[in-house]
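Colleague: Please read through the structure below; I'll follow up with questions.
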Amino acid sequence: MTALDTGLAAEYAAIYAYGAAAVHLDGDQRDLAEELDAEHRARRDALLDFYEAHGLDAAPAAPAYEVGPVTDAEGAQQVLLAVEQDVATAWRAGLAPGDLGEREICLDMYTEAAVSLARWRIAIGVTAADPWPGRPQ
């Protein structure tokens, strides 16, 4: 599995999680969740275009992903925080030495993921200061 495959899988999982969790949010958090969901969909689509342009087979999305029970806004906030952290972690892992073209895509995706993570953290009242989003603790 390549770094792009890992990143694509994380984007699929994020899209699924937003679908499951955003319905429990309202107001500004709901609006932001919809924006971030659209960003994950755009990254997924860009990756699928890359795969197609290079004659590569992209793995399909799984029929379901584990998001845990989401029954209220607080649970939705935590699920989406974990998802954003997972996406940043997946893209950060692709920055390791390897194919230069793949690393460039991973860097672009990591940058976008870090911004998404910071936006979500601010929206739910968690400090956004993290010099290396997605870095294992």
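Colleague: Filter region 63-77 down to residues that are closer than 17 Å to I15 by Cα and among the polar types (S, T, N, Q), then give me how many there are.
Modeller: Summing the residues that are closer than 17 Å to I15 by Cα and among the polar types (S, T, N, Q) in region 63-77 gives 1.
Colleague: While we're on this one: Identify, by number, the condition in (1) of a type outside the set (S, T, Y); (2) touching a Phe, Trp or Tyr at 6+ places or on another chain (Cβ under 8 Å); (3) modelled with pLDDT of 95 or more that R92 doesn't meet.
Modeller: The one condition R92 does not meet is (3).
Colleague: Does A61 satisfy the condition of being out of contact with any Leu (no Cβ under 8 Å at 6 or more places or on another chain) and over 19 Å from E35 (Cβ atoms)?
Modeller: Answer is yes for this residue.
The values are calculated or read from the model by the stated rules, or taken from the named source; none is laboratory data. On a predicted model such as this, the values are computed, not experimentally measured, just so you know. FYI the Cβ positions are ideal-geometry reconstructions off the backbone, even for glycines, and counts take in every protein chain you see.
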